[in-house]
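Accompanying notes for the structure given below.
The values are calculated or read from the model by the stated rules, or taken from the named source; none is laboratory data. Please read all numbers here as calculations on a predicted model, not as lab measurements. Every residue, glycine as well, gets a Cβ built from its backbone with ideal geometry; the counts of neighbours run over all protein chains shown. Ligands, DNA and RNA are stripped out before the accessible areas are found, and what is left, the full protein with its side chains, is counted by its heavy atoms. Shrake-Rupley method; radii C 1.70, N 1.55, O 1.52, S 1.80 Å.
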Amino acid sequence: VQLQACGGGLVQAGGYLRLSCVASGRSFNNGAMGWFRQAPGKERQFVAVVSRSGHAYYSDSVKGRFTISRDKAKNTVSLQMNSLKPEDTAVYYCTADERIILSSLRTPAAYDYWGQGTLVTVSS
């Protein structure tokens, strides 16, 4: 199973980026797919996830600025990031799991599969 993320880069504050992640080797149509991020010296932090039912959940820090979407037919998940702030700077990781329960969606240890990460840098 592989999760391949792309779309990171350098952007000025107020700008936007779109991250995409494609899963191969296994279908996650009956599970959750989402994004976490990790800034230098900090723990991995929940960003957004789409549950098996299609409901989107966001961290308070990105709500209203980021939009997550998934395409079950293509086994992909995307993250549209608008109004970026310097504090959004981090490595963003795509993740997926078929058996995760609702109460664990925001817990990184609950996910079995992770992508390699893509760096997002927001300059002030």
Ranked by how many other beta carbons lie within 10 Å on average, peptides 76-82, 51-57 from highest: 76-82, 51-57
Computed FRET value (nearest 0.05) for residue 6 with residue 102, which takes r as the C-beta separation and R₀ as 35 Å: 0.75
I'd like the FRET efficiency for residue 72 and residue 124, computed as 1/(1 + (r/R0)^6) with the beta carbon distance as r and R0 of 35 Å, rounded to 0.05. 0.40
Computed over the chain, protein heavy atoms only, probe 1.4 angstrom, the accessible area per residue in square angstrom equals 51
Percent RCO, i.e. relative contact order, over segment 4-124, from Cα pairs under 8 Å lying at least 6 residues apart: 36
Taking 0.36 nm per intervening residue step and subtracting the Cα-Cα distance, what contour gain separates residue 110 from residue 53 on full extension? 18.7 nm
At what distance in nm do the modelled label points of residue 83 and residue 61 sit from each other, each positioned 7 Å from its Cα along Cα→Cβ? 1.6
Computed Rg/Rh for segment 53-107 (Cα atoms; Rh = Kirkwood radius) stands at 0.96
Counting only protein heavy atoms with a 1.4 Å probe and every protein chain in place, the carbon and sulfur fraction of the accessible surface of the chain in whole percent equals 49
Using modelled amide H (1.01 Å from N, peptide plane; none on Pro or chain starts), what sits under 5 Å from the amide H of residue 66, excluding residues fewer than 5 places away? 82
